[in-house]
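Structure first, then comments.
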Amino acid sequence: MRVVQGLIRVALVVLLASPGSAVAEDFPSHQITMVVPFSAGGPTDAMARIMSERMRVTLGQSFVIENVTGAGGSLGVGRVVRAAPDGYTVSIGHLGTHVANGAVYKLGYDLVTDLAPVVLLPSNPMVIVSRNNIPAKTLPELLAWLKAKPTPPIAGTAGAGSGSHIAGLYFESVTGIKLEFVPYRGTAPAMNDLVAGQIDLMIDQTSNSIAQVRAGTIRAYAVTDAKRVDSASDIPTTDEAGLPGFHMTLWSGLWVPKDTPGEIVARLNAAAVEAMGDPVVRQKFEQLGLEMPDQNQLSPEALGAWQKSEIAKWWPMLKAADIKMD
Ligand code: MLT
């Protein structure tokens, strides 16, 4: 069976790779699947829906969002690695799924050589949030309460290697506070439990927490950046709040299977860049506390280079941390 799949893939690659191949030329001729490696309703899912809805306009074909969850997002990425290199299966992911997971899991695929980068997407700082009924209003009060707690504070994550998990590991390393990580299939279900007071805290993407913070259903202490978030300027930075230098920005991106023809990657890239240039899309992202990538970072090569530099930066810390699998 594997041999047949391999032969089909080779035949496809040859067919697709032939210059000006009909397949590449009339891409897309049918619906495209964007695989979200986390639960519906979470930050990655929200970004996928905003991007794909606007990319549909440029590409003339609709997208279907497929949430393939589990193992810190590595199952969803694997689904795309195994897909045909024809542009019809796109992976959305981020620092966790396309960098950290390579140091956390035996993936069975290579994050750099088995995927082709398409475009860097918006990014956002993390935010330290807790359930409302913790007797703390400021970050120093929260840290004191967490330190004094007789049992390890319970922190929700989207699984080992996810953005919220590596942010939690980083928080442990800068505060010396040992956390008990509870894995969910995304930060959307984790947020439900934080609002319900079932877990104590999250180091979450601002874009996922901002609505609950505004609704007053959870409490925010600081964003992990040197500057405040424009659409949530009442939340101090970690520098201002008493944890100087605890900075982490979670960036996202789009990838396709390796061997996808350059013309198809270029078409997907152009549609994504056009989407991020659309004022309606920009406003939606900015409302969520997301920052657009710089103009000079929008080529597929720029994402490839950035991913490699982040791998070099994060893998040593992650490999040194004794990470417990879910
Ligand atoms: C999600 O969409 O649930 C998040 O991106 C998960 C995470 O990495 O924290």
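The values are calculated or read from the model by the stated rules, or taken from the named source; none is laboratory data. Please read these numbers as outputs of a predicted model, since none were measured by experiment. We place every Cβ from the backbone using ideal geometry, glycine too, and count neighbours over all the protein chains shown.
Take VAL57 and tell me if it is at pLDDT 95 or above and crowded, with 18+ Cβ neighbours inside 10 Å.
Working: at pLDDT 95 or above: yes; crowded, with 18+ Cβ neighbours inside 10 Å: no.
No: the conditions fail for VAL57.
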Self-check item: the stretch 197-228, residues that are away from the ligand (no atom under 16 Å from the Cβ), of a type in the set (Val, Ile, Thr) and in contact with a Leu (Cβ under 9 Å, 6 or more places away or on another chain)
Solution: THR217
Quiz item: Going through the stretch 239-258 one residue at a time, which ones are more than 30 Å from LEU139 (Cα to Cα) and surrounded by 17 or more Cβ atoms within 10 Å (Cβ to Cβ)?
Solution: GLY253, LEU254, TRP255, VAL256, PRO257
Quiz item: Residues that are surrounded by fewer than 16 Cβ atoms within 10 Å (Cβ to Cβ): which strands (runs of 3 or more DSSP E) entirely in the stretch 129-208 hold 1 or more of them?
Solution: 180-183
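Across the stretch 37-53, which residue is nearest to SER162 (Cα to Cα) among those that are more than 7 Å from the ligand (Cβ to nearest atom) and under 12 Å from the mean Cα position of the chain (by Cα)? It would help to see each step written out before you state the result.
As a first pass, look at the stretch 37-53 and keep what is more than 7 Å from the ligand (Cβ to nearest atom): 37, 40-41, 46-53.
Then keep just the ones that are under 12 Å from the mean Cα position of the chain (by Cα); that gives 37, 46-48.
Numbers: PRO37: 10, ALA46: 16, MET47: 16, ALA48: 17 Å.
Going through the qualifying residues, I end up with PRO37.
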Exercise. Enumerate the pairs (first residue in the stretch 171-195 and touching a residue at least 40 places away in the same chain (Cβ under 8 Å); second residue anywhere and assigned to a helix (DSSP H, G or I) and aliphatic (A, V, I, L, M)) with beta-carbon separation below 8 Å, excluding pairs fewer than 6 apart on the same chain, so at least 6 apart or on different chains.
Key: SER173/MET317; THR175/LEU143; THR175/LEU146; TYR184/ALA190
